[in-house]
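Engineer: Take a look at the following structure, please.
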Amino acid sequence: MPEIVADLLRAAALQDLAFANKAGLVVAGYPKVEKALGTGKTIALVHASDASSDGSRKLDRGPRGAGGERRGGWSGSYASPRRS
């Protein structure tokens, strides 16, 4: 039963992500994502299962200014896919 619920939740999340993408609300690619995180308007960060660990780590810690200070309103919360 837990596997069925997990599969249904995953399918619903992917469908919602597809709708957001069609609406032009999804940003992909490291430079674009980093820029979006700096706006303070980002509500979620989802890493691809094949994303590099270095790039994911940099995005997870949030945008930084030239002096290393945090910028934007990004809190660092994200959704990460289950890795096999």
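Please treat every number below as a calculation from the coordinates, not as lab data. The structure displayed is predicted, hence computed values, not measured ones. Neighbour counts are summed over all protein chains in view; Cβ atoms, including those assigned to glycine, are modelled from backbone coordinates with ideal geometry.
Engineer: Just want the ordering: VAL5, VAL33, VAL26, from fewest to most Cβ atoms lying within 10 Å of their own Cβ. Working shown, then result.
Structural biologist: Working: VAL5 9, VAL33 20, VAL26 15.
Lowest to highest Cβ neighbour count: VAL5, VAL26, VAL33.
Engineer: Starting from the 7 Å offset along Cα-to-Cβ, what nm value, one decimal, do you get for the label separation of LYS41 and ALA28?
Structural biologist: About 2.1 nm separates the two model spin labels.
Engineer: While we're looking at this one, here's another question. Return the long-range amide H neighbours of VAL46 (sequence gap of 5 or more, or a different chain), with a cut-off of under 5 Å between placed amide H atoms.
Structural biologist: Distant-sequence amide H within range of VAL46: ALA79.
Engineer: If R0 is 25 Å, what FRET efficiency do you get for ARG57 and LEU8 from their C-beta distance, rounded to 0.05?
Structural biologist: Efficiency, from the Cβ-Cβ distance: 0.25.
Engineer: Sticking with this structure for a sec: What does the C-alpha gyration tensor say about the overall shape of segment 2-60? Classify as rounded when a/c is under 1.5, otherwise prolate if a/b is larger than b/c, or oblate. All intermediate terms of the calculation are to be shown ahead of the outcome.
Structural biologist: Details: a/c = 2.46, a/b = 1.46, b/c = 1.68.
In terms of gyration-tensor shape, oblate.
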